[in-house]
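The values are calculated or read from the model by the stated rules, or taken from the named source; none is laboratory data. A quick note: this is a predicted structure, and the numbers were derived from the prediction, not measured. Cβ placement follows ideal geometry from the backbone for every residue including glycine, while neighbour counts extend to all protein chains displayed.
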Amino acid sequence: MKVLVIGSGGREHAIAWQCAQFDEVSHVFVAPGNAGTAQEKKISNISIAAEDITELIAFAKEELIDISIVGPEAPLVLGVVDDFKDAGLAIFGPSKKAAQLEGSKVFCKDFLDRNKIPTAYYKAFTQTIPAIDYVKEKGTPIVIKADGLAAGKGVVIAHSLKEASDAINDMLEGNRFGKAGSRVVIEEFLEGEEASFIVMVDGNNILPMATSQDHKARDNSDKGPNTGGMGAYSPAPVVSDLVYKNAMEKVIRPTVDAMKNEGAPYTGFLYAGLMIDQNEDVRVLEYNCRFGDPETQPIMMRLQSNLAKLCLLGANGSLANAAAEWDSRSSLGVVMAARGYPNAYQKGELITLPINSSSSKVFHSGTILDNEKLLSNRRRVLCATSLGKDLKDAQNRAYELVNKVRWDGSYFRTDIGFKGL
Ligand code: AMP
Ligand code: GLY
């Protein structure tokens, strides 16, 4: 089986690495990949951008790729899955229309609302004055979100009317997020604990992935600016049997059924960001139309079944009898970012990595090779991930791994996993 993984982050490194473990997989190509994927056995990078759909299709045809797996949201929202299918190629991911669950917050909220799937109350606005009036009516704290894709930065939790009006002005008038911010959603502030609930869907059948939780805030104790994620672990103790049942019965199943009934059957990874309340009830904070980053890294360390095969079953509508086997150990990943993240940061810094073992691995997110030298190249750069007999042990081992990385300009949290301990 030949596999093409589209993307270049830590998520894609972990997906490609997992697929390459299996004898049935002869080779994995990553477009465009990073220094981590470049150095793996049975994996090669190809220099095609994740959004260059025409070139990706030409490559998949020429190499006789059996299954393509899409990592990031941008090519999905552009319609990579529709175009691959039109070209007769197997690909695992949602159609352009189904990817709107992530691509447009207004689409997502309207969908949840009309299908009575639990979420925060909301209203969408294109004009500043009615938006600010709505905040006055509802009071603070309140949440302001840019409608379109904003790389995890389009959400402001406003604790005062001033913060709310600044955010609204910034998005609607200041053009802060360009077209993505020409419409805003204003919604209820939800309290509770968040979890990442990720499943595979084949249009109808659902195969849940292991549970996980990430830490979105940059600094220890979940303080500081929001980021794409500073670390994650699996399983997530907060997902009790009741939370799991509620998530499946009140959120995931109704979503998959409604997407089918509305003519946009959902195929691909579906990631519900859930807020869990004191009664273990759940509400949807957001949908992502892809696997999480960094959740993928600890989850892939635990997945014992062949992901490429599961994705092929998913693309063929055949997940009904599929099962995913999990390592019973816990797994935890610590993101190492460039200092300054999520603002201005340095690139091109020299990194020396420790040797990986069967239970510890440094996944690459933003690295390049320059004449054999490993250099930092983006904001989130590495994810040091370890298995352990329980969450505490996985945390200890992941930080042991972090401490063996030689990189002067790194920034990382020292408390990943605290929420689960
Ligand atoms: P989103 O991109 O919608 O996931 O939002 C990013 C982060 O903002 C979430 O992971 C939450 O931590 C926070 N957030 C988003 N919406 C809400 C809400 N309605 N209430 C409380 N926190 C929220
Ligand atoms: N870790 C959050 C995300 O992938 O959106």
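Using the structure shown, decide if V284 is over 21 Å from the mean Cα position of the chain (by Cα) and either within 16 Å of ligand 2 (Cβ to nearest atom) or aliphatic (A, V, I, L, M) (or both). Explain how you work it out, then say what you get.
Details: over 21 Å from the mean Cα position of the chain (by Cα): no; either within 16 Å of ligand 2 (Cβ to nearest atom) or aliphatic (A, V, I, L, M) (or both): yes.
In short, no.
Looking at the range 312-367 only, could you name the residues that are β-branched (V, I, T), surrounded by fewer than 21 Cβ atoms within 10 Å (Cβ to Cβ) and part of a strand (DSSP E or B)?
Of the residues in the range 312-367, the ones β-branched (V, I, T) are 334-335, 351-352, 355, 362, 367.
Filter once more, keeping what is surrounded by fewer than 21 Cβ atoms within 10 Å (Cβ to Cβ): 352, 355.
Listed by number, the list holds a single entry, T352.
Within the range 376-413, can you find the residues that are among the aromatic types (F, W, Y) and under 24 Å from the mean Cα position of the chain (by Cα)? Let's see the steps before the verdict.
Quick first cut of the range 376-413, residues among the aromatic types (F, W, Y) only: 399, 407, 411-412.
If the condition is that a residue be among the aromatic types (F, W, Y) and under 24 Å from the mean Cα position of the chain (by Cα), then Y399, Y411, F412 are the ones that fit.
The residue pairs whose first member lies in the range 258-287 and is closer than 16 Å to C108 by Cβ, whose second member is away from ligand 1 (no atom under 16 Å from the Cβ) and among the charged types (D, E, K, R), and whose beta carbons are closer than 8 Å, counting only pairs six or more residues apart or on different chains, are A264/K97; Y266/K260; V282/K250.
Would you tally the residues in the range 365-379 being out of contact with any Asp or Glu (no Cβ under 8 Å at 6 or more places or on another chain) and within 14 Å of V334 (Cβ to Cβ)?
Taking the range 365-379 as the starting set, the residues that turn out to be out of contact with any Asp or Glu (no Cβ under 8 Å at 6 or more places or on another chain) are 366-374, 377-379.
Applying the additional criterion that residues be within 14 Å of V334 (Cβ to Cβ) yields none.
Residues in the range 365-379 being out of contact with any Asp or Glu (no Cβ under 8 Å at 6 or more places or on another chain) and within 14 Å of V334 (Cβ to Cβ): 0 in total.
Does the range 150-161 contain at least one residue that is away from ligand 1 (no atom under 12 Å from the Cβ) and either free of Cβ contacts under 8 Å to residues at least 60 places away in the same chain or surrounded by fewer than 16 Cβ atoms within 10 Å (Cβ to Cβ) (or both)? Spell out the reasoning first.
Within the range 150-161, the first condition is being away from ligand 1 (no atom under 12 Å from the Cβ), and the residues that meet it are 160-161.
From the residues that got through so far, the ones that are either free of Cβ contacts under 8 Å to residues at least 60 places away in the same chain or surrounded by fewer than 16 Cβ atoms within 10 Å (Cβ to Cβ) (or both) too are 160-161.
There is at least one residue in the range 150-161 that is away from ligand 1 (no atom under 12 Å from the Cβ) and either free of Cβ contacts under 8 Å to residues at least 60 places away in the same chain or surrounded by fewer than 16 Cβ atoms within 10 Å (Cβ to Cβ) (or both).
Condition (residue is modelled with pLDDT of 95 or more, within 16 Å of ligand 1 (Cβ to nearest atom) and of a type in the set (V, I, T)) applied to the range 231-240: is it met by at least one residue? Taking every residue of the range 231-240 in turn, at least one turns out to be modelled with pLDDT of 95 or more, within 16 Å of ligand 1 (Cβ to nearest atom) and of a type in the set (V, I, T).
V81 passes all but one of (1) touching a Gly at 6+ places or on another chain (Cβ under 8 Å); (2) β-branched (V, I, T); (3) surrounded by fewer than 22 Cβ atoms within 10 Å (Cβ to Cβ); which number fails? Here V81 meets the rest and fails (3). Scoring K85 on the criteria (1) touching a residue at least 40 places away in the same chain (Cβ under 8 Å); (2) assigned to a helix (DSSP H, G or I) leaves a single failure, condition (1).
Taken over the range 191-202, the criterion of being more than 13 Å from ligand 2 (Cβ to nearest atom) and crowded, with 19+ Cβ neighbours inside 10 Å is satisfied by V199, M200, V201, D202.
Restricting K123, K109, K97 to residues that are in contact (Cβ under 8 Å) with a residue 40 or more places away in the chain and within 12 Å of ligand 1 (Cβ to nearest atom) narrows the list to K109. Just so you know, in the range 55-77 the residues that are in a helix (DSSP H, G or I) and over 17 Å from the mean Cα position of the chain (by Cα) include one that is surrounded by the fewest Cβ atoms within 10 Å (Cβ to Cβ), and it is E62. Residues in the range 1-47 that are of a type in the set (G, A, S), in a loop (DSSP other than H, G, I, E, B) and either crowded, with 24+ Cβ neighbours inside 10 Å or in contact (Cβ under 8 Å) with a residue 60 or more places away in the chain (or both): S8, G9, G33.
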